[in-house]
Amino acid sequence: MSDAQPFSAPYIHAPTSVTRTMSLVMIALVPATLFGLYQYGWPAIFLFIITLTTAVVAEGISLRIAGKPIRPFLFDGSALLTGWLLALTLPPWAPWWIAVVGALLAIIVGKQIFGGLGQNLFNPAMVARVALLISFPLEMTLFTSPLPLGSASAPGMIEGLLITLGLGTTPDAITSATILGHFQTELGRGVSVDQIATTTDSIWQLSWGSISGSMGETSALLLLAGGLFLLWQRIITWHIPLAMLSTLFLSAALFHWLDPTHYISPLTHLLSGAAILGAFFIATDLVTSPVSIRGQIVFGIGCGLLTFIIRTWASYPEGVAFAVMLMNSLTPLLDHYLKPRVYGRDRKGVPIQYGEQEENR
Amino acid sequence: MSHDYRRIAKDGLWDNNIIFAQALGLCPLLAVTGTASNGLGMGLASMVVLIASGMIISLVRGVITPQVRIPVFVLIIAVLVTLVDMVMNAWVHDLHKILGLFIPLIVTNCAILGRAESFASRNPILPSLFDGLMMGIGFTLVMVVLGGAREILGSGTLFANASLLLGSWASILELELIPDYKGFLLIILPPGGFLVLGFILAGKRLIDRKLAAIAAERAEQELALTQN
């Protein structure tokens, strides 16, 4: 074994903890979440509360069954964040049981079965979202147009509660497809991209987020601001988001350039759906993404490419959740093959001899 | 040479259950247990093959040399499965239409070859027959429990189509537990089978642990009594 001597003090203490990381991610999500809640009104607020409450309760029960200390694990914020991320990807007017089933799936099946925080192979929020999408395709694809709080046609508090409880009727007039869903339906009917683009919202609306979509993934700009905040706080590094978004942009640009009548423009790809939320908040999950820098770049490229492929050629209009889960399953492999080089050794683990560095490279 | 029939029964039903302990035969288990009736039908078909193959292999165990035993076992099992397939096609045709693809696949169910290899080829006829019966009942029970759990969660019914298998009287078994249930598709799909099976296995181990704890406590009390 190595004959290196252990280092002696002083060490630098880094003030990081699970709670701090989770809190900073939640702070970064606040603007986009508030915007989503404002835009979709009371039903969204109730759905958000139900999802988070169920996630925390499920975490507490699981910890109790597993015989783990409840207080430190429950209050580290990880269950709250999982519930939060899940809520952001739900259709804002979904019935309450979608939120409950989703949060239970995320916490119990996605996380605690594997052994709790840090042991899970897949991002828990994405496990729940994909399971819900496969199981309840109708409820999970029923989106509403934005009806900001206080606007004339927005449901009031009681009416909103009824909608979330599944008792109120959602008027058909205000349901509307997402941008990607709209493109897919229309392309399937043989309409060209230019013609569809005239009927969809403007790029400005897409970036600001006043479009129909999931509760918290419509506002690309606010999510980007949150992502930049996380980069500034060094919770995440730039590798995964940049690799994912640029791959998505470049592959979309290539195909749009080859055939602009059949392939959606790259800017629409970036600004609609869950691309920004996924790149900054979901793919960068510390537990389920690779450790090494090279691994993270491969991971990001894979996420971007798979997202583009699923959006373009698969039967689902949105593919971020599937793409991230597929790459999650490759993470152990990436970590195995793309290990960082140990200091003083080459990539195979052989110590570097003095005077031979030139030959080794 | 005496055989401990209680031991064989306990092994087949619980301790060494094909699914619980050996985790064999998972392919038919996950494929057909979308409803309790399908699980019951598949379990019964497998049970018949288990009993008959145990009996026949035990009969001929003296003449089969170790070198050729695997092909001989497979041939015997394949003949029996073909018979079961034809019988089901004739008498429970509607159920056969649902299970059709998976009945011939009983040949490749490693649980049956496993019992032939580890029990029937080393024991006389009666214990082998009894082992096949118990293993078959254990397998069927798990299939029905798993099928029932998936059916309740996935489609809100229990024993739907039971009359196809058991005759028209069985329609009283067919329950619709949750009216207007929209269906939880994931549970019906294979991933749901793995999930529910995982929870059932966890439940079995929990019961085992509780039983072991009770047994240990009783032993301790008896020890205390003898010391007094």
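Only the coordinates and a few stated rules stand behind these numbers; no lab work does. For clarity, every value in this text was computed on a predicted model and none was experimentally measured. Glycine also receives a Cβ, built like all others from the backbone with ideal geometry; neighbour counts cover every protein chain displayed.
Counting only other chain Cβ atoms within 10 Å of each residue's Cβ, the peptide B:183-196 averages 3.
Cα centroid separation, segment A:222-295 to segment A:307-344: 12 Å. Mean projected area of the Cα convex hull of segment A:94-235, taken over all directions, amounts to 11.6 nm².
With the largest listed first and rounded to whole Å, the semi-axes of the equivalent ellipsoid of the protein assembly as shown from the Cα gyration tensor are 50, 34, 27. Comparing mean-square fluctuations of A:Trp204, A:Trp97, A:Trp42 from a GNM of chain A with C-alpha springs under 10 Å, the top value falls on A:Trp204.
When only C-alpha pairs under 8 Å and at least 6 residues apart count, what is the relative contact order of chain B, in percent?
Contact order relative to length: 30 percent.
When the Cα atoms of segment B:5-227 are aligned to their principal axes, the ranges along those axes come out at 61, 53, 32 Å in descending order. GNM remark for chain A: springs join alpha carbons under 10 Å apart, and the peak mean-square fluctuation among A:Gln184, A:Gln195, A:Gln233 falls on A:Gln195. Near B:Phe199, once Lys and Arg are set to +1 and Asp and Glu to -1 for all other residues with Cβ below 14 Å from its Cβ, the sum equals +3. Within chain B, the selection of entire DSSP H helices by a Cα span of 18 Å or greater along the long axis and an average Kyte-Doolittle value of at least 1.0 returns B:36-60, B:69-91, B:125-155.
Adding -39500 (n - 2.57) for every DSSP H run of four residues or longer, then dividing by how many residues the protein assembly as shown holds, sets the calculated 222 nm ellipticity at -19500 deg cm²/dmol. The aspartates and glutamates within cross-link reach of B:Lys97, meaning a Cα-to-Cα straight distance under 12 Å and a gap of 8 or more places when in the same chain, are B:Asp85.
Think of each Lys and Arg Cβ as +1 and each Asp and Glu Cβ as -1; about the Cα centre, that makes the dipole of segment B:1-107 roughly 200 debye. Here the 3J(HN,Hα) profile of segment A:183-194, calculated from phi with Karplus coefficients 6.51, -1.76 and 1.60 at θ = phi - 60°, is 4, 5, 4, 5, 5, x, 8, x, 7, 7, 4, 4 Hz, Gly and Pro shown as x. Normalising the average separation of contacting C-alpha pairs (under 8 angstrom, six or more residues apart) by the number of residues puts the relative contact order of segment A:18-337 at 20 percent.
Each distinct pair of alpha carbons in segment B:119-166 adds a 1/r term; the inverse of their mean, the Kirkwood radius, is 12.8 Å. Here the convex hull built on the C-alpha positions of segment A:4-73 has a volume of 148 cubic angstrom per residue. Three principal axis extents of segment A:48-137 based on alpha-carbon atoms, in descending order, are 36, 25, 17 Å.
The convex hull drawn around the Cα atoms of segment A:189-308, when projected onto a plane and averaged over every direction, covers 7.9 nm².
Cα convex hull, segment A:18-337: 126 Å³ per residue, rounded to a whole number. For segment B:79-202, the pair-distance distribution built from all alpha carbon pairs, in bins 10 Å wide starting at 0, is 11, 31, 37, 17, 3, 0 percent. When you count the other C-beta atoms within 10 angstrom of each residue and take the mean per peptide, A:295-305, B:198-208 line up highest first as A:295-305, B:198-208.
Projecting the Cα positions of B:Leu166, B:Ala120, B:Leu141 onto the charge dipole of segment B:114-203 (unit charges on Cβ atoms of Lys, Arg, Asp and Glu, taken about the Cα centre) puts B:Ala120 furthest along the positive direction. Amide H to amide H distances under 5 Å link B:Gly25 with B:Cys110, B:Ala111, where only residues 5 or more positions off or on other chains count and H is placed in the peptide plane.
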